[in-house]
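Here's the structure, in structure tokens; my notes come after.
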Amino acid sequence: MLLEVSDLKVCYGDIHAVEGVSLSIGEGELISVIGANGAGKSSLLNCVMGIVPSRGGKVIFCGRDITSLPVHERAREGIRIVPERARVFPRLTVYENLLAGCFGMKDKISFPEKLSWIYGLFPVLEERKSQLGSTLSGGEQQMLAISRALISDPKLLLVDEVSMGLMPVLVDKVFEVMEMLNREHGLTILLVEQNALASLGISSRSYVLETGKIVLEGASGDLLKDPKVQEAYLGL
Ligand SMILES: Nc1ncnc2c1ncn2[C@@H]1O[C@H](COP(=O)(O)OP(=O)(O)O)[C@@H](O)[C@H]1O
Ligand SMILES: [Mg+2]
């Protein structure tokens, strides 16, 4: 397994946001964690990245216990996050945002090569390369946030609600990109989403998170047919 999370707990004071979550993802997999607003999806993902501390449990990455490593060291090992609401550096240009994505990597990557690959994926970023992050539309910021994470050639990409706040046409586009990155480039992706239909549609396996606990897991195709999932998450 590339990533193994066992019995992970996250608290904010008295609030138990994640209450003993275990999940795993193998190299080359695309899996999703679906859950309603407030279920603990961001807390879980941020804890795997090291942005919020754990109150218990373990995070094992490439066979190594990284539970107590700081964010930059996890990034160095090859974990990257596309944060919720596509946070990009507002006062840096598109180009500088992408450059920032390469800092502190263990393995040398060819920035110009990666940059032309990114510009090929999202031509609009090349058109806007000298524009400040703050001047991009929501959809463009989302593409920039994804690209900034991709440019370092991560081993594991954590994606927090990539569809949030986007127009439906852009939602389709970013999910297509996720699927393509997984299929064609073998990128391992862990998605967390409220958009259950779209994320079950592109992932092979999924977990259902409710108030900090995994209540259901299985092949995404089976979950799509599960009456409980249909009622609670697909509005059927
Ligand atoms: N920084 C914080 N301080 C206090 N409570 C928080 C903080 N972040 C999240 N929470 C609480 O933790 C729970 C899980 O939140 P979150 O992980 O953001 O869920 P999701 O991403 O699924 O919407 C919620 O009850 C939320 O209010
Ligand atoms: Mg969230």
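What follows draws every value from the coordinates through simple rules; no lab data is involved. Model, not experiment: these values are computed from the prediction. Cβ: placed from backbone, ideal geometry, glycine included. Neighbour counts: every protein chain shown.
First obtain the Kirkwood hydrodynamic radius of the stretch 76-194 from its Cα pairs, then insert it into the Stokes-Einstein equation at 20 °C and 1.002 mPa s, and state the resulting D in µm² per second as a whole number.
151
Specify the inter-centroid distance of the stretch 1-76 and the stretch 83-154, based on alpha-carbon positions, in whole Å. Measuring centre to centre over Cα atoms gives 24 Å. Fewest neighbouring Cβ atoms within 10 Å first, the residues Leu44, Leu69, Leu187 line up as Leu69, Leu187, Leu44.
Shown is the FRET efficiency for Ala100 and Asp7, computed with R0 = 30 Å from the Cβ-Cβ distance and rounded to the nearest 0.05: 0.30. When only alpha carbons of the stretch 90-153 are considered, Rg and Dmax amount to 10.9, 32 Å. What is the sum of charges around Gln141, taking Lys and Arg as +1, Asp and Glu as -1, for the other residues whose C-beta is under 11 Å from the C-beta of Gln141? Overall, the nearby charge balance is +3. The share of C-alpha pairs in the chain whose separation exceeds 25 Å stands at 39 percent.
Under the rule a/c < 1.5 gives rounded, and otherwise a/b versus b/c splits prolate from oblate, where does the stretch 44-114 land using the Cα gyration tensor? Here the stretch 44-114 falls in the oblate category. About the centre of its Cα atoms, the chain shows a dipole size close to 580 debye [charges on the beta carbon of Lys, Arg (+1) and Asp, Glu (-1) only; nearest 20 debye]. Among Leu132, Gly218, Val159, flag the residue with its Cα farthest along the positive direction of the charge dipole of the chain, charges on Cβ as +1 for Lys/Arg and -1 for Asp/Glu. It is Leu132, whose Cα lies furthest towards the positive end. The helix-only estimate of mean residue ellipticity at 222 nm for the chain, built from DSSP H runs of length n ≥ 4 each weighted as -39500 (n - 2.57), is -11000 deg cm²/dmol after division by the residue total.
Note on the stretch 4-48: along the principal axes its Cα atoms extend 37, 21, 14 Å, ordered by decreasing extent.
Pairs exceeding 24 Å between alpha-carbon atoms, taken from Lys41/Lys173; Lys58/Lys228; Lys9/Lys108; Lys41/Lys114: Lys58/Lys228; Lys9/Lys108; Lys41/Lys114.
For Met167 and Lys58, what does the FRET efficiency come to when R0 = 41 Å and r is the distance between their Cβ atoms, rounded to the nearest 0.05? Working from the Cβ atoms, E equals 0.55.
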